[in-house]
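A.B. asks: Here it is, the structure in full.
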């Protein structure tokens, strides 16, 4: 149980009563009058507190919730994959910041595409850690260099002026962005190379088996 104190309003009422009564029956225009009434109100307040003291009562104690810990990213148990996820989160956060800062709608749409590709590339490798080596150059060069180019574009765009160096650099970045988007798409597509080969092989084998068993239809049998 916790204790609480309820303040008594009596001191305030007693003090106010002194001012009120003095104002009705006695003059209140000299400094000495104000000093006397102030002293009287203080004494009245003390008297009121003695007659009507503060009340102390018990209340149910409040259970304090433990401080919430910051949500930590779940570990995969593989330090390299955990580092990959952390690098992805950092890159995606920077892409979103740049997307908010850059007003050009074409580049904004391209950044959206790069973010989606980056997310898919990393998640595919998280599910297939054996493919980590296939994206090392992507993570170590292509992704950070892309962010570097976008940051340069953002700084020059934010300058708010037109000049030979600024305009030329921005134009180069704008032209390069299409190539970068294509490169990110191809990196994602390359990760599915093994699966595509396996599926193609399975389809070929199934077609041959169905044809031998006479279950593949006229076109398949002819083939």
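The values are calculated or read from the model by the stated rules, or taken from the named source; none is laboratory data. Remember, it's a predicted structure, so these values are computed and weren't measured experimentally. Quick reminder, even Gly has a Cβ in these numbers, built from the backbone with ideal geometry, and neighbours come from all protein chains shown.
A.B. asks: Can you tell me which residue in the range 75-114 is modelled with the lowest pLDDT, limited to those that are within 18 Å of residue 132 (Cβ to Cβ) and either touching a strand residue (DSSP E or B) at 6+ places or on another chain (Cβ under 8 Å) or outside any helix (DSSP H, G or I) (or both)?
C.D. replies: Keep residues of the range 75-114 that are within 18 Å of residue 132 (Cβ to Cβ), which gives 75-91.
Keeping just the survivors that are either touching a strand residue (DSSP E or B) at 6+ places or on another chain (Cβ under 8 Å) or outside any helix (DSSP H, G or I) (or both) gives 75-78.
Details: 75: 74, 76: 71, 77: 82, 78: 84.
Among them, the one singled out is 76.
A.B. asks: For residue 172, are the conditions met, namely being touching a helix residue (DSSP H, G or I) at 6+ places or on another chain (Cβ under 7 Å) and either part of a helix (DSSP H, G or I) or touching a residue at least 24 places away in the same chain (Cβ under 8 Å) (or both)? Don't jump to the end; show me each part of the working.
C.D. replies: Numbers: touching a helix residue (DSSP H, G or I) at 6+ places or on another chain (Cβ under 7 Å): no; either part of a helix (DSSP H, G or I) or touching a residue at least 24 places away in the same chain (Cβ under 8 Å) (or both): yes.
In short, no.
A.B. asks: Further question on the same structure: Would you pick out the residues in the range 208-223 that are at pLDDT 50 or above, surrounded by 10 or more Cβ atoms within 10 Å (Cβ to Cβ) and in a helix (DSSP H, G or I)?
C.D. replies: Matches in the range 208-223: 208, 209, 210, 211, 212, 217.
A.B. asks: Shifting gears a bit: Is it the case that residue 58 is assigned to a loop (DSSP other than H, G, I, E, B) and at pLDDT below 70?
C.D. replies: Details: assigned to a loop (DSSP other than H, G, I, E, B): no; at pLDDT below 70: yes.
So residue 58 fails the test.
A.B. asks: Continuing with this model, one more query. Give all pairs with beta carbons closer than 8 Å in which a residue from the range 180-208 that is farther than 20 Å from residue 131 by Cα meets a residue that is modelled with pLDDT under 85 and exposed (fewer than 13 other Cβ atoms within 10 Å of the Cβ); count only pairs at least 6 apart in sequence or on separate chains.
C.D. replies: Within 8 Å, the pairs are 207/223.
A.B. asks: Condition check: assigned to a helix (DSSP H, G or I), modelled with pLDDT of 70 or more, surrounded by fewer than 10 Cβ atoms within 10 Å (Cβ to Cβ) and more than 32 Å from the chain's Cα centre (by Cα). Does residue 32 satisfy that?
C.D. replies: Values: assigned to a helix (DSSP H, G or I): yes; modelled with pLDDT of 70 or more: yes; surrounded by fewer than 10 Cβ atoms within 10 Å (Cβ to Cβ): yes; more than 32 Å from the chain's Cα centre (by Cα): yes.
Considered against the rule, which asks whether it is assigned to a helix (DSSP H, G or I), modelled with pLDDT of 70 or more, surrounded by fewer than 10 Cβ atoms within 10 Å (Cβ to Cβ) and more than 32 Å from the chain's Cα centre (by Cα), residue 32 comes out as yes.
A.B. asks: Just wondering, is there one or more residues in the range 131-140 that are surrounded by 13 or more Cβ atoms within 10 Å (Cβ to Cβ) and closer than 19 Å to residue 94 by Cα?
C.D. replies: Yes, there is a match, as at least one residue in the range 131-140 is surrounded by 13 or more Cβ atoms within 10 Å (Cβ to Cβ) and closer than 19 Å to residue 94 by Cα.
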